[in-house]
Amino acid sequence: MTTRVVIVGGGTAGWMTASYLKRALKENVEVTLVESSHIKTVGVGEATFSTLKLFFDFLGLKESDWMPSCNGTYKLAIRYENWSSKGGHFYHPFQRFETIQGFNTGEWWLKLKRNELPFDQACFTIPAMCEAKRSPKFLDDTVFDEGVSAYFDPKAPPPNNVIAHHMVQYPYGYHFDASLLADFLMNYGTKLGARRIVDDVLEVGQRENGFISHVLTKQNGRVEGDLFIDCTGFRGLLINQTLKEPFIAFNDVLPNDSAVALQPPWDVEANGIRPYTTATALSAGWAWTIPLYHRNGNGYVYCSRYLSKEEAEKELRAFIGPAAEGCTANHIKMRVGRNHNSWVKNCVAIGLSSGFVEPLESTGIFFIQHGIEELVNHFPEGADTSDGQRLSYNKVINNCIDGVKQFLILHYRASDRADTPYWKATKTELSIPPDLEERLKIWRARLPGHRNIYPSFHGFEAYSWAVISMGVNYVPENHLALLDLLDPEPAKKAFAALQERSQRLVSTLPSHHEYLKHMRAR
Ligand code: FAD
């Protein structure tokens, strides 16, 4: 039986959903997407998670197919600037810790290296590659280092082949212009058979049982369907405005509620292209710098209780410098939190209409990918979803967003920066989930590891919690006593090998710019 899916909204969420559903479910779904020509999409420079590669792989798209038309670049890490009282920077790479005699290099660093080398440089090869602006690939397209993990099974049926886990030990993400990606996927999705209607939805019709029956458009009349996907952004036209699903705000723990974005030009010939996102702590929040091929995306995520719109724009312009002159600022109000449930009756919210947290860890598009993969995993026949299926979907989605929420709180709460009223308040005024408070106590004594973070939180692995804690200066006082019983030589050798490998990669990989130029010339 063919399921009629109606998607309202044509931003990144709408077109990612349309493309994926057509690819995964083929003629079993009839997809219609309705998008307004005058209600703007969010469209700021975008940084992503490493799992996005799996999304494109699943669509059968090579990087050279889509990256040039979306101004795409690679992302190996997030570089955090000024997030602790010490100042300076550290990298949160996509690369995981290595394990030596059952203990990861983070634990060994506490014993052997803490007075010698910053932990990120000691434990990972990515920081050296970032500093030297290297590409993750050689010009012949081989990846610099690849270890296929047990999570990825290319033979499993979708979405279980790609369900957002990491495929390689050293994965990478992307930066791109999200509006251009939506255009690209619109062409791709319509070629696969998705129908596009450019029109405004004026009303949403419901059956007696509250299920949605149709959307009424201005010029094209009624569009009927079995399953409705709300991709209308922060408006939540179907899920919140029509079905009245409550929205749970996170501002008691994550107070940043506003952003201002600028798009200054960038001279790639003169400056090269950084293969990382930068998050720089400022007086009442933090600024992103996202390198696209022709320009940078810059923005300031801040809390409006501490800074007016005008003050935020002024601080961002001062941070960017002369390149910001003449650029028009885009001010954005952010709805931070999630729906109580993102699947209600026959409506599934995906994208900003489902949930959003500040983009500090680049999770917006990851939430979209995760929502779509789980939708396919729970796909109903017609409008006939069981309560159990909806419950299962909502549990998975809520766990994921709540896990990311706690991970973001860690960035502020564990940081010892307290030099402005905003940074002081992150320690003193904001509430903290009691379970996280307890875990912070544990992490004073032991590094976050897979046994003492919540494993049901999907998205960030234990190494990420350890990297952020140490980066913001929340470092365990002592190393594990157990390590004193082990021979330190293998760990010493592993640290030396890591340094040697970093140097080799820096001297053999092409620059990020050179690789992208080569890709675009093909
Ligand atoms: P939108 O882009 O808002 O699209 C909504 C769509 O709905 C539009 O097509 C609109 O026309 C349509 N629509 C609305 N009402 C109607 C109607 N009545 N009739 C017809 N159509 C309608 N994510 C990341 O992964 N990395 C980042 O670095 C990142 N940075 C961000 C920075 C900021 C400041 C913000 C706010 C978000 C950021 N995000 C980031 C999140 C990311 O931008 C969104 O997840 C992504 O763009 C998806 O948006 P969307 O498609 O859900 O909504």
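The table below gives the values:
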{"read-out": "Within the stretch 17-51, tally of residues that are crowded, with 24+ Cβ neighbours inside 10 Å and more than 8 Å from the ligand (Cβ to nearest atom)", "value": "7"}
{"read-out": "Qualifying residue in the stretch 398-405 (condition: outside any helix (DSSP H, G or I) and away from the ligand (no atom under 16 Å from the Cβ))", "value": "no"}
{"read-out": "Single condition Glu438 does not satisfy, out of (1) loosely packed, with under 13 Cβ neighbours inside 10 Å; (2) touching a helix residue (DSSP H, G or I) at 6+ places or on another chain (Cβ under 8 Å); (3) of a type in the set (D, E, K, R)", "value": "(2)"}
{"read-out": "Count of the stretch 294-321 residues which are at pLDDT below 95 and more than 16 Å from the ligand (Cβ to nearest atom)", "value": "1"}
{"read-out": "Residue within the stretch 230-244 that is in contact with a His (Cβ under 7 Å, 6 or more places away or on another chain) and either within 11 Å of the ligand (Cβ to nearest atom) or touching a residue at least 24 places away in the same chain (Cβ under 8 Å) (or both) present", "value": "no"}
{"read-out": "Residue that is farthest from Lys517 (Cα to Cα), among those in the stretch 272-301 that are among the β-branched types (Val, Ile, Thr) and under 18 Å from the mean Cα position of the chain (by Cα)", "value": "Val301"}
{"read-out": "Pairs where the first residue, in the stretch 252-266, is under 13 Å from Val44 (Cβ atoms) and within 11 Å of the ligand (Cβ to nearest atom) and the second is at pLDDT below 95 and of a type outside the set (Asp, Glu), C-beta under 6 Å, 6+ apart", "value": "Ala261/Val44"}
{"read-out": "Cβ pairs under 8 Å, 6+ apart, first in the stretch 275-304 and charged (D, E, K, R), second within 11 Å of the ligand (Cβ to nearest atom)", "value": "Arg295/Gly45"}
{"read-out": "Any hit, the stretch 238-255, residues being more than 30 Å from Ser431 (Cβ to Cβ) and modelled with pLDDT under 95", "value": "no"}
{"read-out": "Which listed residue is at pLDDT 95 or above and either under 22 Å from Leu482 (Cα atoms) or out of contact with any helix residue (DSSP H, G or I) (no Cβ under 9 Å at 6 or more places or on another chain) (or both), from Glu131, Glu107, Glu146, Glu98", "value": "Glu107"}
{"read-out": "Residue in the stretch 235-243 that is within 20 Å of the chain's Cα centre (by Cα) and buried (at least 21 other Cβ atoms within 10 Å of the Cβ) present", "value": "no"}
{"read-out": "Condition met for Leu59 (more than 8 Å from the ligand (Cβ to nearest atom) and within 15 Å of the chain's Cα centre (by Cα))", "value": "no"}
{"read-out": "Residue satisfying all of: in the stretch 209-227; charged (D, E, K, R) and closer than 17 Å to Ile239 by Cα; farthest from the chain's Cα centre (by Cα) among these", "value": "Glu224"}
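The values are calculated or read from the model by the stated rules, or taken from the named source; none is laboratory data. Since the model is a prediction, treat every value here as computed from it, not as a measurement. Positions of Cβ are generated from backbone atoms using ideal geometry, with glycine treated the same way; all protein chains shown enter the neighbour counts.
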